[in-house]
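Below is one structure, written out as structure tokens; comments come after it.
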Amino acid sequence: MITGSEALMQALIHEGVDTVFGYPGGSIMPVFDAMYDHQNDFKQVLVRHEQGAAHAAQGYARASGKVGVCLVTSGPGATNTITGVADAMLDSTPIVVIAGQVAANFLGTDAFQEVDLVGITQPISKWSYQVRRPEDIAWAVARAFHIAGSGRPGPVVLDFAKNAQVGMVDFKPATIDVERGYIAIPETDPKSVEEAAALINAAERPLLLAGQGIELSNATEELRAFVEKADIPVGCTLLGLSTLPHGHRLRKGMLGMHGNLGPNVKTNECDLLIAVGMRFDDRVTGRLDAYAKQAKVIHLDIDPAEINKNVYADVAVLGDCKDTLARLTAAIDEAQHTEWIESFAPYEEKEWNEVIRHAIYPEEGPLRMGEVARAVSEASGNKAILVTDVGQNQMMSARYFQYTQKRSIITSGGLGTMGFGLPAAVGATFGAPDRTVCVFMGDGGIQMSIQEFGTIMETGAPVKMILLNNNYLGNVRQWQELFFGKRYSCTPMLNPDYMKIAEAYGIPSQLVVERDQLASAIDTMLATDGPFLLEVAIMENENVMPMTPPGGAVNVMMMNAMDC
Amino acid sequence: MEKKLYTLIVHSENIAGLLNQITAVFTRRQLNIESLNASASSIKGIHRYTITTWSDEDTIIKVTKQIEKKIDVVQAHYFLDDEIFMQEVALFKISTPKLLENPLISKTIRRYGARIMEANAVYAVVEKSGVTDEIIALRTELDAFDCVLQYVSSGRIAVTRDTAEHVNEYLEKINKG
Ligand SMILES: Cc1ncc(C[n+]2csc(CCOP(=O)(O)OP(=O)(O)O)c2C)c(N)n1
Ligand SMILES: [Mg+2]
């Protein structure tokens with residue numbers, strides 16, 4: 001017989017957990033005590049705020065493809081993870097949050113640090129379960145990892161009552177078999193594959209929308225084989241940016257509000273839209289009644305609830321897209337759409353001339369976000385993992401980074417969580433220790449998680465931090481400029497001396513103000529072993545362009561503030 | 001889109017907290033639940049919810065899928081009235097003096113095929129099972145006699161008219177592996 005806490009250790013080891021991000025407290029102390037004996041079995045990272053633990057688990061999961069784990073105490077420890085749980089739900093990230101809970105006989109009494117965590121997290125998690133008896137640990141942990149990591153991944157919350165942590169149990173690891181209340185991967189109807197193939201063969205102007213589902217299914221090879229055989233241009237969602245490498249002939253850039261002009265305009269010109277592992281988020285579609293009305297739609301997804309949710313699909317191909325893409329590739333004819341693919345060129349040229357050129361190769365004036373992002377990307381050989389915070393820094397770095405490997409972008413897409421970037425980047429360094437991890441943050445977002453400098457200091461996590469400091473909550477400032485009559489309510493921001501903060505944490509850092517210092521500072525950052533903070537003084541009133549105004553049609557993009 | 005009264009039949013594992021999750025799907029879509037019944041089903045360990053709501057078809061399809069997506073929900077299906085057999089039950093607690101005073105009251109009760117379950121000097125309890133419209137009609141008539149002390153009606157319960165048993169078939173398939 002062992003304690004429930006030790007049983008949890010065995011269960012985590014059985015699941016292959018190699019890193020846990022955590023923060024202790026009263027109701028989880030028996031578990032932390034058990035962990036003390038397992039310091040060689042998995043890494044134990046003490047974060048500086050539980051929100052950071054959840055985001056770090058997310059970053060770990062997205063970099064590695066494995067389930068991220070975070071461990072916190074009850075009450076405030078648990079509620080501090082909520083933003084991460086919600087974020088993981090919207091972005092389909094597999095994490096397991098294990099939170100302490102008061103002993104079962106105290107439940108419902110408003111005991112010290114008791115919150116109804118299951119009640120709070122049920123609507124924002126894939127599964128949420130209270131473990132009240134040590135006997136349930138084996139099954140609950142096995143099921144938690146199974147549910148988090150299978151099908152459409154998502155966050156699972158285990159609310160772990162203290163009596164179950166200290167009670168004794170005869171532990172045997174469990175495995176989860178078929179379940180009647182959870183179908184991870186729906187069956188693919190062979191007829192749907194045939195119908196989709198027929199539509200694809202008949203299409204003259206097909207466009208494929210590549211979403212994160214392709215990464216989650218590890219199907220980047222299948223995507224490539226499919227689009228190459230059918231000769232179909234590809235627009236990527238924000239989370240799907242690294243599904244097809246930069247420089248590929250068929251990669252036509254990013255979709256959505258701050259995406260590229262070509263794929264957005266062409267969405268409303270194509271005759272067939274093939275959506276793969278994406279969910280037609282409003283930031284991608286703009287106004288739905290003006291979205292791809294001329295096109296037939298094929299939707300490949302693992303989640304039946306996504307079909308027809310926002311955009312009606314003429315053919316829905318349910319299943320794991322690693323499998324369905326391969327089946328489709330086998331079912332279709334080889335094709336060429338040269339003229340159609342070439343028709344993207346004028347839009348690429350227009351965007352290059354009116355936006356991109358000025359964003360990444362400005363010749364004068366203050367430094368700009370795009371040039372920093374492109375320079376960092378290139379200096380890393382376009383091989384780094386880009387982690388972003390939220391705001392202009394996110395859109396600019398996502399736009400101007402170049403991706404040549406899969407799983408190369410980690411960003412908060414669905415929830416748009418400021419403060420996500422720094423802890424997620426810490427997690428990513430544990431999830432992909434062989435890769436360079438660069439996180440781009442704004443002066444607003446960095447301060448929402450700046451305490452994680454402590455985690456970085458302590459673990460030495462080699463996070464390359466790029467702070468794009470425009471002294472504004474820039475994204476909001478942009479909306480105020482464009483849509484609120486330049487009334488800059490609560491967006492200018494007085495900033496601290498970040499070099500001093502980095503120094504206090506013993507993190508090497510450099511501030512770049514002049515353009516001619518940028519390249520060498522980036523080289524220094526990348527050449528430095530371990531973490532580095534590169535702060536860049538950015539033009540204060542830069543706007544992210546092009547832009548589909550909120551509620552606008554996908555194909556009508558502003559190229560500059562004058563278009564407003 | 002036109003709103004109709006839909007009946008959802010949901011089969012799930014019998015787990016505390018699941019009902020919460022199901023009703024939350026309605027709340028998020030701003031649908032009122034008209035009635036709700038939870039009970040055992042014909043299948044061991046499987047619980048069954050019968051829920052009615054006014055909705056358009058597009059929304060009810062999405063709601064049904066989002067309910068079915070919840071972990072431990074086995075299946076969810078939606079129906080219109082002509083696809084199900086349905087029943088509700090109502091209880092009326094009626095003042096006995098009024099009942100004796102006005103012979104029209106017992107006539108009405110008989111006319112609706114309702115039954116007196118219990119009667120004493122103070123009150124009588126009348127049970128009526130049927131479809132919503134009948135129950136409401138009886139209630140309206142009894143109300144007019146000013147004799148109703150208490151009224152309660154159950155949620156709708158329903159079984160499908162379909163000759164296929166989708167949930168059973170699905171579970172058989174799963175059990176076979
Ligand atoms: C937690 C949270 N609060 C508020 C917002 C709204 N918001 C989106 S972008 C943004 C400004 C971000 O400013 P900064 O971090 O400096 O980035 P910039 O846009 O200037 O690059 C704000 C306030 C948010 N997304 N998340
Ligand atoms: Mg800023």
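Identify all residues within the stretch A:233-256 that are farther than 19 Å from A:N555 by Cβ, aliphatic (A, V, I, L, M) and free of Cβ contacts under 8 Å to residues at least 40 places away in the same chain; write none if there are none. The answer is A:L244, and nothing else.
Summed over the stretch A:182-210, residues that are within 14 Å of chain B (Cβ to nearest Cβ) and either more than 25 Å from A:A78 (Cβ to Cβ) or in contact with a Lys or Arg (Cβ under 8 Å, 6 or more places away or on another chain) (or both) total 5.
When the stretch A:524-564 is examined, which residues are found to be of a type in the set (D, E), more than 16 Å from ligand 2 (Cβ to nearest atom) and in contact with a helix residue (DSSP H, G or I) (Cβ under 6 Å, 6 or more places away or on another chain)?
Initial filter on the stretch A:524-564 (of a type in the set (D, E)): A:529, A:535, A:540, A:542, A:563.
Still in the running and more than 16 Å from ligand 2 (Cβ to nearest atom): A:529, A:563.
Answer for the stretch A:524-564, where residues must be of a type in the set (D, E), more than 16 Å from ligand 2 (Cβ to nearest atom) and in contact with a helix residue (DSSP H, G or I) (Cβ under 6 Å, 6 or more places away or on another chain): there is none.
Name the residues in the stretch A:404-415 that are within 11 Å of ligand 1 (Cβ to nearest atom) and within 16 Å of A:I446 (Cβ to Cβ), would you? Lay out the reasoning, then the answer.
Step one: filter the stretch A:404-415 for residues within 11 Å of ligand 1 (Cβ to nearest atom), giving A:412, A:415.
A:S412 - this is the single residue of the stretch A:404-415 that is within 11 Å of ligand 1 (Cβ to nearest atom) and within 16 Å of A:I446 (Cβ to Cβ).
Residues in the stretch A:409-443 that are within 16 Å of ligand 2 (Cβ to nearest atom), open to solvent by 10 Å² or more (accessible area, probe 1.4 Å) and more than 14 Å from the chain's Cα centre (by Cα): none.
Being open to solvent by 20 Å² or more (accessible area, probe 1.4 Å) and part of a helix (DSSP H, G or I) narrows it down to one of A:R249, A:R279, A:R327, so name that one. Step through it out loud before you land on a result.
On the way: A:R249 fails: part of a helix (DSSP H, G or I); A:R279 fails: part of a helix (DSSP H, G or I).
Of A:R249, A:R279, A:R327, the one residue that is open to solvent by 20 Å² or more (accessible area, probe 1.4 Å) and part of a helix (DSSP H, G or I) is A:R327.
The strands (runs of 3 or more DSSP E) falling completely within the stretch B:14-87 that include 1 or more residues that are of a type in the set (D, E, K, R) map to B:33-40, B:46-55. Among the residues of the stretch A:205-216, at least one is assigned to a helix (DSSP H, G or I) and of a type in the set (D, E, K, R). Selection within the stretch A:136-192: residues that are under 12 Å from A:L8 (Cβ atoms) and free of Cβ contacts under 8 Å to residues at least 60 places away in the same chain. The member of this set that is most open to solvent (accessible area, probe 1.4 Å) is A:D136.
A single member of A:G108, A:G100, A:G119 is farther than 25 Å from A:I214 by Cα and part of a helix (DSSP H, G or I), and it is A:G119. Residues considered: B:E127, B:E118, B:E68. Of these, the only one that is of a type in the set (D, E) and within 14 Å of chain A (Cβ to nearest Cβ) is B:E68.
Against the test of being outside the structural domain of A:I341 (by TED's automatic domain parsing) and polar (S, T, N, Q), the options A:T285, A:T243, A:T267, A:T175 yield a single qualifying residue, A:T175. Of the residues making up the stretch A:122-135, at least one is open to solvent by 10 Å² or more (accessible area, probe 1.4 Å), among the hydrophobic types (A, V, I, L, M, F, W, C) and more than 27 Å from A:A461 (Cα to Cα).
Okay, residues lined up against (1) closer than 15 Å to A:L255 by Cα; (2) not β-branched (V, I, T):
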position: A:I522; (1), (2): no, no
position: A:A527; (1), (2): no, yes
position: A:G530; (1), (2): no, yes
position: A:I538; (1), (2): no, no
position: A:E542; (1), (2): no, yes
position: A:T548; (1), (2): yes, no
position: A:V554; (1), (2): yes, no
position: A:M557; (1), (2): yes, yes
position: A:M562; (1), (2): no, yes
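Does A:T19 satisfy the criteria of being in contact with a Lys or Arg (Cβ under 6 Å, 6 or more places away or on another chain) and either among the hydroxyl-bearing types (S, T, Y) or over 21 Å from A:A164 (Cβ atoms) (or both)? Taking the combined requirement at face value, the residue satisfies it. In the stretch A:290-303, which residues are surrounded by fewer than 21 Cβ atoms within 10 Å (Cβ to Cβ) and within 14 Å of chain B (Cβ to nearest Cβ)? Within the stretch A:290-303, just A:D303 meets the criteria. Looking only at the stretch A:372-389, decide whether some residue is within 16 Å of ligand 2 (Cβ to nearest atom), modelled with pLDDT of 95 or more and not in a helix (DSSP H, G or I). Looking through the stretch A:372-389, at least one residue is within 16 Å of ligand 2 (Cβ to nearest atom), modelled with pLDDT of 95 or more and not in a helix (DSSP H, G or I).
For the stretch A:430-445, a tally of residues being more than 10 Å from ligand 1 (Cβ to nearest atom) and either part of a loop (DSSP other than H, G, I, E, B) or under 19 Å from A:P496 (Cβ atoms) (or both) returns 6.
Could you tell me whether any residue of the stretch A:304-313 is more than 14 Å from every other protein chain (Cβ to nearest Cβ), modelled with pLDDT of 95 or more and either farther than 21 Å from A:L244 by Cβ or buried (at least 17 other Cβ atoms within 10 Å of the Cβ) (or both)?
Just the residues of the stretch A:304-313 that are more than 14 Å from every other protein chain (Cβ to nearest Cβ), to begin with: none.
No - not one qualifying residue is present in the stretch A:304-313.
In this structure, A:R279 does satisfy being touching a residue at least 24 places away in the same chain (Cβ under 8 Å), within 14 Å of chain B (Cβ to nearest Cβ) and not hydrophobic (A, V, I, L, M, F, W, C).
I want to confirm something. Restricting to the stretch A:453-506 and keeping residues that are among the small types (G, A, S) and without any contact (Cβ under 8 Å) to a residue 60 or more places away in the chain, which single residue is farthest from ligand 2 (Cβ to nearest atom)?
Keep residues of the stretch A:453-506 that are among the small types (G, A, S), which gives A:454, A:460-461, A:474, A:485, A:489, A:502, A:504, A:506.
Those still in the list that are without any contact (Cβ under 8 Å) to a residue 60 or more places away in the chain too: A:485, A:489, A:502, A:504, A:506.
Values: A:G485: 21, A:S489: 15, A:A502: 18, A:A504: 22, A:G506: 25 Å.
Checking each candidate, the answer is A:G506.
With respect to (1) in contact with a Lys or Arg (Cβ under 7 Å, 6 or more places away or on another chain); (2) open to solvent by 30 Å² or more (accessible area, probe 1.4 Å); (3) more than 14 Å from every other protein chain (Cβ to nearest Cβ), the lone exception for B:K62 is condition (3).
Based on what the data block shows, is A:S74 part of a loop (DSSP other than H, G, I, E, B) and within 14 Å of chain B (Cβ to nearest Cβ)? Show your work before the answer.
Working: part of a loop (DSSP other than H, G, I, E, B): yes; within 14 Å of chain B (Cβ to nearest Cβ): no.
In short, no.
Please specify each residue of the stretch B:48-59 satisfying the condition of being more than 9 Å from chain A (Cβ to nearest Cβ) and either within 20 Å of the chain's Cα centre (by Cα) or charged (D, E, K, R) (or both).
Initially, the stretch B:48-59 is screened for residues more than 9 Å from chain A (Cβ to nearest Cβ), giving B:48-57, B:59.
Within the stretch B:48-59, B:R48, B:Y49, B:T50, B:I51, B:T52, B:T53, B:W54, B:S55, B:D56, B:E57 qualify.
Could you tell me whether B:E34 is assigned by TED's automatic domain parsing to the domain that holds B:V10 and within 23 Å of B:S153 (Cα to Cα)? So B:E34 fits the description; yes.
The values are calculated or read from the model by the stated rules, or taken from the named source; none is laboratory data. Because the structure is predicted, anything quoted here is derived from the model rather than measured. No Cβ is skipped: glycine too gets one built from the backbone with ideal geometry, and neighbour counts run over all protein chains shown. To get the accessible areas, we keep the full protein, side chains included, count just its heavy atoms, and leave off ligands, DNA and RNA. Shrake-Rupley method; radii C 1.70, N 1.55, O 1.52, S 1.80 Å.
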